[in-house]
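Worksheet for the structure shown next.
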């Protein structure tokens, strides 16, 4: 880390590529010794501000991390030697690795949490009843309850690595971040010696199906890399294939875990191709109202007309959680996206079999989307 001379005494030393937490140093976003710009859980910082302003939360509150340690061990894996751009690979080790710093009064907080959990998904209950899945009492029980390991990851961006991954300069990246957030974080430009940014965006949820100790081994991996779609994932809107693909991915992960492998569902908060839900609904209005009707030839053009771009997800940024989990090969890949597949291969992750979503799972109103994606180069 290159530290400006007059700031050197204030910044907690940080070596992003170091192989151990102690050698790397803690990530500190708050206080005079901060080595990161932004705040932890930045997407929720405005609500925290409201809680402080109303007196519901004390401004000096520090989290009590007693008994919050991960329920399973994740890492280190050989894949951790690759540079991470969007997350802190030691973010789940904070309570123990930086206990001394915490006792010294430095505000170090976890950016990753790992817990055991259960899922109930109606489509999985249906698959169990139809005989496509079977209950084994470990991954899936007779009532259709899915037993998983749940992981929450907050974004932690290492700006020099992020700039390299995007193929742009660090200074350009910093300037764009300041300008396009209305000047929210001027320190990004004013403090170039600080390399870490905690952006005010949603994070990633990862669900592990099967035994997490099989991660980083030669056990077969089944994976679905899924981008948020609130309308479909939660409320069942039939205009796209998001929830069907989510259900298909979960079913595939269960099947892979029961066969002795491990299933991974990585869920990214990138609503509407990272364009936002308002833009998405504007496009939903524009598509059927076009003079030519809702056609696959115009599917992406309608989005670009409203948003100025077809997609802002930058799938190269979605590979870090899989690298963090030690994944080097995905044996069964539940996706038709060439953008995601290309990003995985660029990250050095090999892809084996493409799993094709059954045609019966595709809603009638979503067939325009499917046809448009195939025409654009998506896997079919």
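Report yes if some residue within the stretch 348-364 is buried (at least 19 other Cβ atoms within 10 Å of the Cβ), farther than 22 Å from residue 265 by Cα and in contact with a helix residue (DSSP H, G or I) (Cβ under 7 Å, 6 or more places away or on another chain); otherwise report no. No; the residues of the stretch 348-364 include none that is buried (at least 19 other Cβ atoms within 10 Å of the Cβ), farther than 22 Å from residue 265 by Cα and in contact with a helix residue (DSSP H, G or I) (Cβ under 7 Å, 6 or more places away or on another chain). With respect to the conditions (1) under 21 Å from the mean Cα position of the chain (by Cα); (2) in contact (Cβ under 8 Å) with a residue 60 or more places away in the chain; (3) outside the structural domain of residue 40 (by TED's automatic domain parsing), residue 150 falls short on a single one, namely (2). Taking the listed residues 324, 333, the one that is within 21 Å of residue 112 (Cβ to Cβ), in the same structural domain as residue 220 (by TED's automatic domain parsing) and buried (at least 20 other Cβ atoms within 10 Å of the Cβ) is 324, with no other qualifying.
Residue count for the stretch 305-324 under the criterion of being over 14 Å from the mean Cα position of the chain (by Cα) and more than 18 Å from residue 337 (Cβ to Cβ): the result is 4. When the criteria are applied in full, residue 67 fails the requirement of being crowded, with 18+ Cβ neighbours inside 10 Å and in a loop (DSSP other than H, G, I, E, B).
Looking at 101, 136, which one is farther than 25 Å from residue 256 by Cβ and surrounded by fewer than 21 Cβ atoms within 10 Å (Cβ to Cβ)? Being farther than 25 Å from residue 256 by Cβ and surrounded by fewer than 21 Cβ atoms within 10 Å (Cβ to Cβ) holds for just one of 101, 136, which is 101. Against the conditions (1) crowded, with 17+ Cβ neighbours inside 10 Å; (2) assigned to a loop (DSSP other than H, G, I, E, B); (3) in contact with a strand residue (DSSP E or B) (Cβ under 6 Å, 6 or more places away or on another chain), residue 379 satisfies every one except (1). Residues in the stretch 309-337 that are touching a residue at least 60 places away in the same chain (Cβ under 8 Å), under 19 Å from residue 86 (Cα atoms) and in a loop (DSSP other than H, G, I, E, B): 313, 314, 318, 325, 326, 327, 328.
One line per residue, one yes/no per condition, for (1) under 19 Å from the mean Cα position of the chain (by Cα); (2) assigned by TED's automatic domain parsing to the domain that holds residue 266:
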| site | (1), (2) |
| --- | --- |
| 62 | no, no |
| 68 | no, no |
| 71 | no, no |
| 89 | yes, no |
| 116 | yes, yes |
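There is at least one residue in the stretch 195-206 that is surrounded by fewer than 21 Cβ atoms within 10 Å (Cβ to Cβ), closer than 23 Å to residue 262 by Cβ and assigned by TED's automatic domain parsing to the domain that holds residue 338.
The sole residue among 249, 210, 256 that is buried (at least 21 other Cβ atoms within 10 Å of the Cβ), at pLDDT 95 or above, under 18 Å from the mean Cα position of the chain (by Cα) and assigned by TED's automatic domain parsing to the domain that holds residue 357 is 249. Here is the figure for the stretch 338-372: residues that are in contact (Cβ under 8 Å) with a residue 60 or more places away in the chain and over 19 Å from the mean Cα position of the chain (by Cα) total 14. Looking only at the stretch 120-140, decide whether some residue is in a strand (DSSP E or B), within 18 Å of the chain's Cα centre (by Cα), outside the structural domain of residue 36 (by TED's automatic domain parsing) and modelled with pLDDT of 95 or more. No, the stretch 120-140 contains no residue that is in a strand (DSSP E or B), within 18 Å of the chain's Cα centre (by Cα), outside the structural domain of residue 36 (by TED's automatic domain parsing) and modelled with pLDDT of 95 or more.
The values are calculated or read from the model by the stated rules, or taken from the named source; none is laboratory data. What you are looking at is a predicted structure, and each value in this text was computed from that prediction instead of being measured. Note: ideal-geometry Cβ built from the backbone for every residue, glycine included; neighbour counts use all protein chains shown.
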